[in-house]
Every structure is written in C-alpha cells, then in structure tokens.
Amino acid sequence: MEYREVASINLARLLREGGTVRAAGVVQEAFRVGEERFPLAGEATWKVAVSAVGGDEYWLSGEVEGVALMECRRCLKPTPTPIHAHFQHLLRYQQGLSEVVFHEEAEEEYYAFGEPDLDLLPFLTEAFVTEMPYTVLCQEGCKGLCPVCGADRNLVDCGHEPEAHHPLLGLKDLLPEL
C-alpha cells in the first residue's frame, strides 16, 4: 500500500460500485485543533478502509499511530509519547452536501458527506488527540522546576529548599492571634 501525505480518500468508485476502498498516508510535523498545535516526533502514519454497508451508508474504520511530543508535567521538557488510536464511524452520503456534518439522532451518530473526496484529517486528528494522555513525565523520578528560580532540578542543584505544602499550613499564622 502506497503512503501519501494527503489525508483524503476518493470514494467515487465506492459510491458507484460498492465494496471497500482503502488508503494510507502520513501526517507531518503536527496535528492541529483550532489554534492548538500537537507536535510530532517524526511523522504519524495512518490507514483507513471505507466499506459500503447498504443504501447510502458506509463504514469508515482506521488507525493512526505516531509519537507526540508532550511537555513533562514537572519540568516542561518535550517528552516523546507513543500514541496508537483506532476509530470507526458511520457515514451517510447526501448528494450536494459541501462539507462533512456530524449528526446525532436518538441513539444514532453519523457523519454526512456529499463529495466523493472525503477529508480524513478531522477523523485522524480526533482519534490521535483523544488518545493522548492528559499528562506525562519525562522520567519517573523527575524533580521538576524550582518554584523560586525556575531552574531544572534534574540538571542543577540551585540550593533552594522545596517548600513544605500542607493544606493546614496557613493556620499556623493564625495561632498567635488567638
């Protein structure tokens, strides 16, 4: 199967004859959601299949795999994080529709499309970004950043003592007033 950078699939033959159409490709540099950018270490690979299921309905299934560069939650160092996501969606062909539209009716969800060229990037992005963990650590024993000077405690000993944090610590200042 040939990989390509364009994240779309042409469904013209599938719309006429039925069957299954497959495609594969790569996403370079990053996934984007609005203004937010999710950088990649290298490229993410994807593959999809779209199958006719009857009438104007089609089944989209696929996977996307790559390494996201996420910030360590303690020291903010870019941390490679492997991501492997699978997705499946029901599609309905509605002639004349100029863009893909999500529909939710009762207990049924589907995407309506009207052009034979189906843009896969929104499906790939949603699957990849949804599968990303909320936070990562660059290493299990990451010491983080110094709250006083901002130094990376994994690299240098800045000499500042970590402050003791306790939920009732602020009450000690109230004792002399009593």
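The values are calculated or read from the model by the stated rules, or taken from the named source; none is laboratory data. This one's a predicted model, so the numbers in the text were calculated from it and none came from an experiment. All Cβ positions, glycine included, derive from the backbone under ideal geometry; neighbour counts span all protein chains shown. Side chains included, ligands, DNA and RNA excluded: accessible areas come from the protein's heavy atoms. Shrake-Rupley method; radii C 1.70, N 1.55, O 1.52, S 1.80 Å.
All C-alpha to C-alpha distances of the chain, sorted into 5 Å bins beginning at zero, yield P(r) values of 1, 7, 13, 14, 13, 11, 9, 7, 6, 5, 5, 4, 3, 2, 1, 0, 0 percent in whole numbers. Of the residues 50, 33, 20, the one whose Cα sits farthest towards the positive end of the charge dipole of the stretch 3-144 is 33 (charges of +1 on Lys and Arg Cβ, -1 on Asp and Glu Cβ, taken about the Cα centre). Skipping prolines and chain starts, which residues have an amide H placed within reach, meaning under 5 Å, of the one on residue 8, given they are 5 or more residues away or on another chain? It is 120, by chain and number. Taking the accessible area of the chain, probe 1.4 Å, and keeping the other protein chains in place, the carbon and sulfur fraction comes to 50%. Magnitude of the charge dipole for the chain, about its Cα centre and with charges confined to Cβ atoms of Lys, Arg (+1) and Asp, Glu (-1), is about 580 debye. DSSP bridge analysis restricted to the chain gives an antiparallel fraction near 90%, rounded to the nearest 5. Ligands, DNA and RNA excluded, the heavy atoms of residue 143 present near 140 Å² of accessible surface to a 1.4 Å solvent probe.
Rounded to the nearest Hz, the phi-derived 3J(HN,Hα) couplings of the stretch 50-65 under the Karplus curve 6.51 cos²θ - 1.76 cosθ + 1.60 (θ = phi - 60°) are 10, 10, 6, 10, x, x, 9, 9, 9, 10, 9, 9, x, 8, 9, 9, where x marks glycine and proline. Summed over qualifying helices (DSSP H, 4 residues or more, each -39500 (n - 2.57)) and divided by its residue number, the chain shows a 222 nm mean residue ellipticity of -2500 deg cm²/dmol.
Want the number for residue 35 to residue 110: 0.36 nm per residue separation, take away the alpha-carbon distance, what's left? Taking residue 35 through residue 110 to full extension adds about 24.4 nm, to one decimal.
The residues of the chain expose, per residue, 65 Å² of accessible area to a 1.4 Å probe. Extension gain for residue 119-residue 155 works out to 8.5 nm (0.36 nm per residue, less the C-alpha to C-alpha distance). If you plug the beta carbon distance of residue 81 and residue 53 into 1/(1 + (r/R0)^6) with R0 = 41 Å, you get a FRET efficiency near 0.75.
The distance linking the stretch 77-127 with the stretch 1-73 is 9 Å (Cα centroid to Cα centroid, whole angstrom). Hey, what angle do you get for helix 121-131 against the long axis of the chain, alpha-carbon based, 0 to 90 degrees rounded to 10? Once rounded, the angle reads 40 degrees. With loop membership from DSSP and a limit of 12 other Cβ atoms within 10 Å, the longest segment of the chain without GluC sites (Glu not before Pro) is 36-98.
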